[in-house]
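Here's a structure for you.
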């Protein structure tokens, strides 16, 4: 049976790892976390409080990503046999998302401004300025994932495709596992800030490497599509 | 004393407020983990330089003020100057 062999198949594992790499390269959640931390530090927030805000924010990101993956897998299963429809969606959409990432992910000029509708970006900036409680931080994390969805849907489609090949009772577990790994940069960045380091260092690193992240994630998405197409052709009888 | 007007990004003109500038510089310094006393002292120095620069002018834009303040702030605290200039360009 295909679902039982997937876990032992390095080809599908490679697709999931590739999707994870692209997901981690997308930077909106780190941008909002940096903005949130910088405003919190300006308000003389304690390290403990900053850690709580950062982890709550990461929790919001993890929960939303997990919900999107499991909903998408369930929806496609319900509508049209699951993995086949997802496979078609991946092959149809991912190359364009990859191309859009290379061309438009970051705006021209200084800083790490992303190509997002300005009202969405302004909303996230305003919310991160006004975030004081853990609940607000969790909701901000959720809003960030939804705001970046036009790009995030690329890697999410890949991982949903791989997960949909597994037994449905394990979907939630695998989706949570993926989301936690994808949110690791957020948790590490939070710990970095709370251990006394400056937000400027993280922001400078991100600004210096933004072209690298943009190009590698875009190209990786296109290459993953080609790889998955070949893989599907090999599996289809 | 002559009043200088500041044209903000919404094209609205209002009198220059040194307290607002002071607060935003203190916020940038605290964000990069300066001590509070140091942050206020730095903000005071930068505000003085900006006020000197504004003295002969009738009207400037808020972007001009941000640029000039960041230039002076970078002398005292380069990381704070970076955050001061880039905070709204993160997302």
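Check residue A:51 against each of (1) surrounded by 22 or more Cβ atoms within 10 Å (Cβ to Cβ); (2) at pLDDT 95 or above; (3) closer than 20 Å to residue A:201 by Cβ and name the one condition it does not meet.
Result: residue A:51 passes all but (1).
Only helices (runs of 4 or more DSSP H) wholly contained in region A:1-51 count here; list those with 1 or more residues that are away from chain B (no Cβ under 14 Å) and within 19 Å of the chain's Cα centre (by Cα).
Of the helices (runs of 4 or more DSSP H) lying wholly inside region A:1-51, those with at least 1 residues that are away from chain B (no Cβ under 14 Å) and within 19 Å of the chain's Cα centre (by Cα) span A:10-25.
Right, next: Within region A:130-138, can one find any residue that is farther than 23 Å from residue A:48 by Cα and either in a loop (DSSP other than H, G, I, E, B) or at pLDDT below 95 (or both)? Full working, then the answer.
Initial filter on region A:130-138 (farther than 23 Å from residue A:48 by Cα): none.
No, there is no match, as no residue in region A:130-138 is farther than 23 Å from residue A:48 by Cα and either in a loop (DSSP other than H, G, I, E, B) or at pLDDT below 95 (or both).
Among the numbered criteria (1) more than 14 Å from chain B (Cβ to nearest Cβ); (2) buried (at least 16 other Cβ atoms within 10 Å of the Cβ); (3) without any contact (Cβ under 8 Å) to a residue 12 or more places away in the chain, which single criterion is violated by residue A:198?
Only one criterion is unmet by residue A:198, namely (1).
Right, another one. Just a yes or no: is a residue in region A:163-171 in contact with a helix residue (DSSP H, G or I) (Cβ under 8 Å, 6 or more places away or on another chain) and within 22 Å of residue A:38 (Cβ to Cβ)?
no
Quick one: count up the residues across region B:45-71 that are under 9 Å from the mean Cα position of the chain (by Cα) and over 23 Å from residue B:11 (Cβ atoms).
2
Looking at region A:85-109, which of its residues are within 14 Å of chain B (Cβ to nearest Cβ) and either touching a helix residue (DSSP H, G or I) at 6+ places or on another chain (Cβ under 6 Å) or within 23 Å of residue A:159 (Cα to Cα) (or both)?
Listed by number, the residues that qualify are A:105, A:106.
Continuing with this model, one more query. Could you list all residues from region A:149-193 that are buried (at least 20 other Cβ atoms within 10 Å of the Cβ) and within 14 Å of chain B (Cβ to nearest Cβ)?
A:151, A:189, A:193
Let me ask you something else. Mind listing whichever residues of region A:110-120 are closer than 24 Å to residue A:94 by Cβ and part of a helix (DSSP H, G or I)?
A:120
Where in region B:28-91 are the helices (runs of 4 or more DSSP H), entirely inside, with at least 3 residues that are within 30 Å of residue A:114 (Cβ to Cβ), more than 14 Å from chain A (Cβ to nearest Cβ) and in contact (Cβ under 8 Å) with a residue 12 or more places away in the chain?
Counting at least 3 such residues, we get B:62-76.
The values are calculated or read from the model by the stated rules, or taken from the named source; none is laboratory data. Bear in mind the structure is a predicted one, so any value in this text is a computation, not a measurement. Positions of Cβ are backbone-derived with ideal geometry, glycine not excepted, and every protein chain shown enters the neighbour counts.
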